[in-house]
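Enquirer: Shown below is the structure under consideration.
The values are calculated or read from the model by the stated rules, or taken from the named source; none is laboratory data. Predicted model, so just to flag it, every value in this text is computed and none were measured. When we count neighbours, we look across all protein chains shown, and the Cβ atoms used for this are built from the backbone with ideal geometry, even at glycine. These area figures cover heavy atoms from the full protein model, side chains too; ligands, DNA and RNA do not enter into them. Shrake-Rupley method; radii C 1.70, N 1.55, O 1.52, S 1.80 Å.
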Amino acid sequence: MLLAAAGCLLGLQPVTAAIVGFGLSLSSTPLVLQVLAERGQLKTQHGRSAFGILLFQDLAVLPVLAILPLISHKAHSTQTVNGALWPILLKLVAVMAVVIIGGRLLLRPALRIVARIRVTEVFTAAALLTVIATALLANLAGLSMSLGAFLAGVLLADSEFRHELEADIEPFKGLLLGLFFIVVGMSANLGLLISQPLKLLGVTAGFILIKLLAVTLLGRLTHHKGSSAWRLGFTLPAGGEFAFVLFTLATRQHILDDETADLLILAVTLSMMLGPLLLMAHDIVERRWLADPVRPFDEIDDPATPVIVAGFGRFGQIVARILRMRKIPFTALDSNQTNVDFLRRFGNQVYYGDASRLDLLRAAGIESAKILVLAIDDVDASIRTAQLVRSQFPKVKVFARARNRQHVFALMDAGVTNIIRETLLSSLDLATSVLQELGDTQGAARDAVRKFRQHDEATLAAQYAVKEDEAKFLATTRESAQQLEKLFETDVVKTK
């Protein structure tokens, strides 16, 4: 709405301004999601909001593509509205009904037949044929081929073969997306950079600024924290690839003139190039002016307890619940203030603090504690805490959680001996259940898993001894696998 209003102020007709405003309001789904994934921000508050906005934008493109021919006809027809629009509207409804209803009735049985052939290439060809046929059908009805292709994608996604199709067409996604941007780049009128540089930069900067401020304000209104709202604003200000499609179709429908379309396409292109730079600028701005105030660590006023649980996530909480059930007092620490606030709402007594800091450990009563449960999720913080406790409080026994073998080796270097890999025991329990379901007795299944665990622990110790020598490490791994295979082959022979 803001961009459309700006377009009207700049002299565009209301209908044209609305199309332009809608196109510029879109953001690039693949570009933004890739940046968020690389930064590990997809699960943050602003990351989830950005994903939701991008998903809704992609869905909102469908009706806009559908009504473009109607808008064009209304804008250029001299007939009455009833006489001009009803045939086109009925044609639009008919095509969508044929595609959606016919697709449900015919597409799924056809895909089942193709799936029985069990040839990946045929399955992929059938999916591409569906897209091309639907696009041609839409084109024959006077609608855009992009709308037809979009409808075909929706139908394919709604079938039970969705995941198989997604895997089959994965190699084409990057290729076709790259081809799409090549075509856009070749169609861009780069002469505008020379002939109208100020106008181009003004349009680009103007719509980026409007989007940034509007999205940030919406973030505030939807209860994002200050820094999260600004992160959301800096994530979505650039244009998106659907704007190219929309402006090209609007030009063909004579809603946009060629000069305006060229200017807008180049402005969107520049905004997408500036997107990563805007995120870098946001990081600088946030560090200097927008960072949330640092919350001080909690004052720990509980009496000393025999157990300290460092890291109160999904792993540490299970340990703590069992201790609570046995009436064993403990002190829980976690360095994620959001997690701490959330857990306190459910009655958990947990303190906000960094367990790798000596002063906080002393305040938690580490000097009189018997056991430290090291359940910190972050590997580096876990290792720092282990090194600190083993060097400053050697009498405290450390029971540590490890993410993988490399984490185990680092903890062993720090002097920790009681280490549990976080997925090992659950995997062994599952393996026991699988063996029993396949016909093993409970005793046989448990015996097989027990032997595997003993062998795996011996292998871990052997690998730790040669972890600095890559050749010996690989040789130990191969030798261990051969020994395990022979061990189970011997058991099979004995059983027979």
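Enquirer: Considering only DSSP states other than H, G, I, E and B, which chymotrypsin sites (Phe, Trp or Tyr not before Pro) in the stretch 343-446 qualify as loop sites with at most 16 other Cβ atoms within 10 Å? It would help to have the intermediate numbers written out before the result.
Expert: Details: sites: 346, 351, 352, 399, 409; in loops: 346.
Hits after loop and neighbour filter: 346.
Enquirer: Label-point separation (nm) for residue 223 and residue 362, each offset 7 Å from Cα along Cα-to-Cβ?
Expert: Rounded to a tenth, the inter-label distance reads 4.1 nm.
Enquirer: Calculated from the structure, semi-axes √(5λ) of the Cα gyration tensor in Å equals which of (1) 56, 34, 21; (2) 39, 29, 20; (3) 51, 26, 21?
Expert: (1)
Enquirer: I've got another one for you. Please identify the helices of the chain, taking whole runs of DSSP H, that span at least 27 Å along their own axis as judged from the Cα atoms and have a mean Kyte-Doolittle score of -1.0 or higher.
Expert: Membrane-span-like by this criterion, though nothing is claimed about a membrane: 45-76, 81-102, 120-140, 162-187, 197-221, 258-285, 442-465, 470-495.
Enquirer: Write out the trypsin sites (Lys or Arg not before Pro) in the stretch 322-380 meeting two conditions: DSSP loop, and at most 10 other Cβ atoms within 10 Å of their Cβ. Each step should come with its number before you reach the end.
Expert: On the way: sites: 324, 326, 327, 344, 345, 357, 362, 370; in loops: 326, 327, 345, 357, 370.
Passing sites in the stretch 322-380 are 326, 327, 345.
Enquirer: Starting from the Cα-Cα distance between residue 420 and residue 121, subtract it from 0.36 nm times their residue separation and give me the gain in nm to one decimal.
Expert: Difference between extended and current length: 103.1 nm.
Enquirer: Need one number: % antiparallel among DSSP beta bridges in the chain, to the nearest 5.
Expert: Antiparallel: roughly 0 percent of the beta bridges in the chain.
Enquirer: Okay, next question. What shape does the stretch 141-294 have by the C-alpha gyration tensor, where a ≥ b ≥ c are the square roots of the eigenvalues, rounded means a/c under 1.5, and otherwise prolate means a/b greater than b/c and oblate the rest?
Expert: Working: a/c = 2.08, a/b = 1.23, b/c = 1.70.
Note, shape of the stretch 141-294 comes out oblate.
Enquirer: Then there's this: Per DSSP H run of at least 4 residues, take -39500 (n - 2.57); add these up for the chain, divide by its residues and hand me the 222 nm value, nearest 500 deg cm²/dmol.
Expert: Values: 22 runs with 346 residues, N = 496.
Computed mean residue ellipticity for the chain: -23000 deg cm²/dmol.
Enquirer: May I ask you to give the solvent-accessible area per residue for the chain, in square angstrom, as obtained with a 1.4 angstrom probe?
Expert: About 58 Å² of surface per residue is accessible.
Enquirer: Can you send over the carbon and sulfur percentage of the accessible area for the stretch 182-328, probe radius 1.4 Å, protein chains only? Mind dumping the intermediate values first?
Expert: Details: 5460 of 8120 Å².
Its accessible area is 67 percent carbon and sulfur atoms.
Enquirer: Using DSSP to define loop residues, name the trypsin sites (Lys or Arg not before Pro) in the stretch 387-471 whose beta-carbon has at most 13 other beta-carbon atoms within 10 Å.
Expert: Working: sites: 390, 395, 397, 401, 403, 405, 421, 446, 450, 451, 453, 467; in loops: 395, 403, 467.
Those satisfying the criteria are 395.
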